[in-house]
Each structure stands twice: as C-alpha cells, then as structure tokens.
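What follows is a set of notes on a single structure, which appears directly below.
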Amino acid sequence: MVSRYKNLFSKIVVGERELRNRICLCATVTNFASRNTITEPWRNFLIERARGGAAMVVTEVIAVDPEAIAQSSTVTGYDDTNVDGFRLIAKEVNGEGAAIVGQLWHPGRQQLWHPTKSPIGVSNLPDPYSGTVPHVMDTEEIYRVAESYILTAKRLSDCGFDGVELHGAHGYLIMQFLSPASNTRGDAFGGNLDGRTLFVRTIAEGIRSVCRKGFIIGLKMPADEGVLGGIDPEEAALMTAKLAQTGDFDYFAYGQGNFSLSLENHVPDLYFDKGAFIDLHKKMRVVSGGIPVMALGRIGSPELAERVVGNGYGDLVGMSRALIADPAWPEKALSGNEKEIRPSVFDNFAWGEVHLGKPLAEHHNAHIGKKGEAFNMPSVAASAKRVLIVGSGPAGLEAAWVSAARGHGVTLFSASPKLGGGLLIESMLPGREEMGSIIEYQVYMGEKYGVEYVLNHRASADDITKFGADEIFLATGSIQRMPPVLRDNLKVLSAREFTVQSDKYSGDLAVLIDEDFGAATYGVADLLAARFKKVILITSRPGITGGVNHCSSIGIYRRLYGANIDIRIAQQVISFSNGILATKNPFSGAVSHIGSIDFVVYSTPRVSIDTLAQELRETEFYRIGDCRSPRNLLAAIQSGYALAEVL
C-alpha cells in the first residue's frame, strides 16, 4: 500500500529485527494487572496496538526485584509467575507483525506506593516528590540488583520476547545512577560519566551475555532532566555517545523530567508545543553513532510523525496517548483514513487516572483492554429506527454518530449555531483549543453515517413530540450553579458565559471564584489575566487543581504565578455588593474583604438542564451526559456511546 507518509511507514532494522514501520507504543501504565499477575486486559492492550499497526510494542513497567513492586497492578518479571502470560503475549504480538519489548523497571528511592517495600537508592538524597530518604545500596547490593535486571531479561527472552527496554528515565533507579543530581557516590558507581554509567553498562553487558543473539536492548533516559545540576542536553549527549560506543544498545528513547516539578515534561500536555522535545531528540541522534533514536512526547498526528522521521528528528516515533485513544492509528494513517483517527487531546486525563490507582481510561475509547478494540465498530442494529437527539455537546454527538453507524436514521437538534456544547466553549480558552478535535471527530463520523444536524433550533416539548421519533435522547447539558450571594449583580458571570463574551470585558481587578477545580477553570484564569490588570483567584478549599492530574497541575501553577494571579485559598464568599466581596475562612471564621472589583466570574459545580425532561415526563426518553448527571468528559461521551450501542 502506498502511503503519503512514506518515511513513517518505511522499514527499519533495530538490532537485528526488521520493523515494518517507525511507530512504537511507548511503555504505558494501565493498572490492568491483578495481584501482580498478567490479566486478559493487560495482554489485550498490547496485542490490539500491534493489531492496529504499531511496529514495536513496549510493555508497561515489569518489576525486576521484589522491592520494585509498586502495587498489585505491577507485573513481576523476577519470578515465573507470569511466564505463561509472557509467552502468549510474545506469540500474539509477533503474530500481528510487531516486535514485543518488555520494559524493565526498579523505582529505587521512588518506591512511593507499596507500604512494606523498602526504597533503595544510590545516595541518601530524598526523593523530590515525597521526600522519602532511601536505604543507600552498598556495592554488593548494586550488583545483586543489576543481576535481577539481567535474569528478568533472560526470562523474557526465553518466553519469546524480542527485547527489553531499560527504564532509566523519570527519576527511577537507573536514572538515579546516571544523574549527577541524585548520584553523589564516591565509589566506582559515582563521580564522573564512567562511574555514573557503570550500573546500566553492567546490566546491558550482562543481558547481552545471557540472551539469544539479536535480542534487542533499548534504554530510555532523559535528554533533559529539567533540574539544576542534573542531566542537561549536553550531559545527555555525552552519555548517549559513551553508551553507544559499548555496542550493547540497539536504540535510545528519551523521556524528560524526574519526580520534581520537571515531571510535567514527562507527559507534555496540550499547553506544550506539538512534538515538544523533538529538537532534543535530533541532538541525541547526531551523537548516537547510528543507533536508532526514538522521539516521543506529544506526537499525535501522522503529519507530525512523518516530519519527525523525514527531517531527521528521530528514527522511531514513540506514542502512548495517541495509541491509547486509537490503537488503529497506524493502520488508519497508512490507509488514508486520518480523519477517522480518534484524537488524543493531550489533557493527561488517562495519565491522571492510572496515577490515582484506577484502570487506564480515555475520554472516547470505551473499549480499552478489550479484545477486538483496535477495529471495534458499533454493531448493526436488528431494525432501523428514527432517532432524535436533542443537544449537541459531546454526549449528544457521540450518541448521534454511533446510532447512525448502527443503521438508524438520526436527527440532532442543536440550540446553538455551532456543535460542541460546553466542550466547544472550553476549546475557546487559550491553550485548550485542541479539546475541539474531539468535536471535529464526532461530527465527521456523524456526517459519514448520515446524521442530520439541525442548528439554531431550540427544541420545545411540542417539537419533540411532533417529530415522531422511535427513540429520544435528551443531551441538553448543564449550567454552572450561581452562588446565591452573587445573584442579581450585573458584574457577575459564570466561567462559560465569560469565555464566550470575554472580548466585552476588561478593567483593573477581576475575581475568579473556583469551586470547580477542573483544568478549564484555570484556562478561564488565563483569559481573565489577559483582560484585566489584576486577577484574584479564591476558593473555599485549602488548595486548588483538585480535579487536575498532577503533571498538568504543575503547568497550571506555573501559568498562574507567571501571570501574577493572586491565589487565596480557604476563602468562602459570603457577600458581594458595591464592588466589595466579603469572604470567610471556613476554618478560622475570619472575615476578609476585597474592594474595587470590576468583575466577578464563578466556576462552580454544574446543575443539569432538565426543563425539557420535566415537560416530556409523559413521553419515553433517555437522558445522557450532563443532562442526566453533570460529570466529566469521559462520562459524557461514554454514556452517549453506551446507550446508542444497545439501542
């Protein structure tokens, strides 16, 4: 098949293994394992990405040592517990035409999750995230842990894996040796570049000696650790060149940051430039001695992936979030069906879910971890029905295209001249424009299957009844709940209302009341900062960003403080009149006042718009999305999908 992405879909040899294209699934934590054992969803996640066209599939972390177990969802590789699972995965991934690589992992001092496992480390420096001070390994312990990596690799090799990737990024154990910011040892494993690379060189040399010929050894390391005194691009280049000279490594992958504030670079979100770190990867490629370099980080479109390979930024293109959203991304790009790729919006929702200990989830992929996920499509209905959907937010749009794909005749009424509902408004915020790509995908799929979109039509109960639909979906969304003390005040708008009308407002001082704690709220703060000379953000809670994943929260704080926004926590609004806002500390009871306010914007828990539901109580209908219960974007989209799928 001839593709417009000729470089992306060209073959490459990694080690001695020929790959069918340049697309790789990066290691992706799923939390699908149970009791440290491979489960069917854990296996399916890898197989479906191979089935969707990825050339190399890297597993999520595999613990090389009992002390490396983070939680019950961490698969063990140091014993025979998962041998049968590994063998089956290798057979099936290879059967789909892809190479399978296991990521070998030890958290070292970042053993933050398991209550009885002891964090071990290189030096007695604390973990920058938790402050945990590890037990410092002596030389004997270092060689024992190195041997655990080697034996785990041998086990995977014997199970049919094509290779392993040593996780030396994001502040984990190997990186703790590599980085001068975490390695202050005075023995052979510390000091200069020779010493700091000895641990990983010992592991790679050992793997090479015990595994079969042609077994791939990759290393994931930082091109920029992002901390003072750590691995900067110059140090990373020197390290890459030195490790390349050993002849023991078959590819280098680069993931940025550690468990400090630089962790946001680990999963660059939608506020970062697309392909945020490809310039760094290009620098590493210059010194890698011809060993393939995997570029990764916020690469979501076939056009960008093609440019990465074609312009020499990387030999391989690593993807996680793009392939979480759509495992068939490679096949759709190859066949010219790019518009049918479910887009990742890089808001890090999925990352946040797994780091709360939940199973991996994605806004508009309801089938993650299920067999057949890659090419899953709604089943054809037994009989076609006339379906009416009222509301054009993400729930309504999803229900519309899925119903139409099943063979139903679908009409959608939108009160707005544009489709997208609250998600469209969010996409108007600075830096959050990419959220709109979900709407574009849903509308495209609806058009493909013949959905009739009726815009600028605020449907009444009489309209709906006269339409004569067999099935009615109400997807009328929600509004932000106005605090009672702010009513009847012309200087007050909801966050959504302000976003739509922001060009009408400016002045000296604006106050943003944050009782929502979602990412879009802080996008509104950015917008206010562009329109007003001073912005005060207040919340009744003892902190902000409670509804945002940790990595993206770092960026939020950076932007808020960068815009000199005054953040005031534990301040409950009790009154607002004559430009004066009174607040009370819910813990101490102390009352404060903010005067000379030009404008107040509130972002609060939402309330369903159920007027039509009340008027149609004698009619059979279904509520979906926020109309049923205001929740997050995943709940809205997947409620629409789930109901349409069984209609």
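The values are calculated or read from the model by the stated rules, or taken from the named source; none is laboratory data. Because the structure is predicted, anything quoted here is derived from the model rather than measured. Cβ coordinates were reconstructed from backbone atoms using ideal geometry, including for glycine residues, and neighbour counts include every protein chain displayed.
Mind listing whichever residues of the stretch 100-116 are in a loop (DSSP other than H, G, I, E, B) and of a type in the set (Val, Ile, Thr)? Within the stretch 100-116, just THR116 meets the criteria. Here is a check on your reading of the model: is GLU48 within 26 Å of the chain's Cα centre (by Cα), surrounded by fewer than 24 Cβ atoms within 10 Å (Cβ to Cβ) and within 22 Å of VAL317 (Cα to Cα)? Judged against the criteria, GLU48 is not a match. In the stretch 554-576, is there at least one residue being in contact with a strand residue (DSSP E or B) (Cβ under 6 Å, 6 or more places away or on another chain), over 30 Å from GLY257 (Cα atoms) and surrounded by fewer than 17 Cβ atoms within 10 Å (Cβ to Cβ)? Within the stretch 554-576 (the criterion being in contact with a strand residue (DSSP E or B) (Cβ under 6 Å, 6 or more places away or on another chain), over 30 Å from GLY257 (Cα atoms) and surrounded by fewer than 17 Cβ atoms within 10 Å (Cβ to Cβ)), the answer is yes, since at least one residue qualifies. Being modelled with pLDDT of 95 or more, assigned by TED's automatic domain parsing to the domain that holds TYR172 and in contact with a Cys (Cβ under 8 Å, 6 or more places away or on another chain) is a condition met by no residue of the stretch 241-251. For VAL13, indicate whether it is surrounded by fewer than 22 Cβ atoms within 10 Å (Cβ to Cβ), closer than 19 Å to GLY163 by Cβ and aliphatic (A, V, I, L, M). Criteria met by VAL13. All conditions in (1) within 27 Å of TYR453 (Cβ to Cβ); (2) over 22 Å from the mean Cα position of the chain (by Cα); (3) touching a residue at least 12 places away in the same chain (Cβ under 8 Å) hold for ALA382, with the sole exception of (3). Out of ASP516, ASP503, one residue alone is crowded, with 18+ Cβ neighbours inside 10 Å and either closer than 16 Å to ILE565 by Cβ or modelled with pLDDT of 95 or more (or both). It is ASP516. The single residue among GLN103, GLN111 that is polar (S, T, N, Q), under 13 Å from GLU67 (Cβ atoms) and either surrounded by 20 or more Cβ atoms within 10 Å (Cβ to Cβ) or not assigned by TED's automatic domain parsing to the domain that holds PHE199 (or both) turns out to be GLN111. Screening the stretch 16-37 for residues that are assigned to a strand (DSSP E or B) and without any contact (Cβ under 8 Å) to a residue 60 or more places away in the chain and picking the one that is surrounded by the fewest Cβ atoms within 10 Å (Cβ to Cβ) gives GLU18. Residues that are at pLDDT 95 or above, within 25 Å of PHE252 (Cβ to Cβ), under 18 Å from the mean Cα position of the chain (by Cα) and among the small types (Gly, Ala, Ser): does the stretch 325-340 have at least one? No, the conditions are met nowhere in the stretch 325-340. Taking only the stretch 72-91 into account, find how many residues are touching a residue at least 40 places away in the same chain (Cβ under 8 Å) and either within 24 Å of the chain's Cα centre (by Cα) or surrounded by 18 or more Cβ atoms within 10 Å (Cβ to Cβ) (or both). Total satisfying the criteria: 11. Taking the stretch 323-377, which residues are under 17 Å from CYS24 (Cα atoms) and part of a helix (DSSP H, G or I)? Answer for the stretch 323-377, where residues must be under 17 Å from CYS24 (Cα atoms) and part of a helix (DSSP H, G or I): LEU323, ILE324, ALA325, TRP329, PRO330, GLU331, LYS332, ALA333, LEU334, ALA374. Against the condition modelled with pLDDT under 95 and either among the hydroxyl-bearing types (Ser, Thr, Tyr) or not assigned by TED's automatic domain parsing to the domain that holds THR411 (or both), how does HIS367 come out, does it pass? The answer is no for HIS367. If I go through the stretch 233-263 residue by residue, how many of them are part of a loop (DSSP other than H, G, I, E, B) and buried (at least 17 other Cβ atoms within 10 Å of the Cβ)? The number of residues fulfilling the criteria is 9. When the stretch 223-234 is filtered for residues that are in contact with a Ser or Thr (Cβ under 9 Å, 6 or more places away or on another chain) and more than 15 Å from SER288 (Cβ to Cβ), the ones remaining, listed by number, are ASP224, GLU225, GLY226, VAL227, GLY229, GLY230, ILE231. Taking the criterion of being surrounded by fewer than 21 Cβ atoms within 10 Å (Cβ to Cβ) and part of a helix (DSSP H, G or I), the only residue of the stretch 158-177 that qualifies is ASP158.
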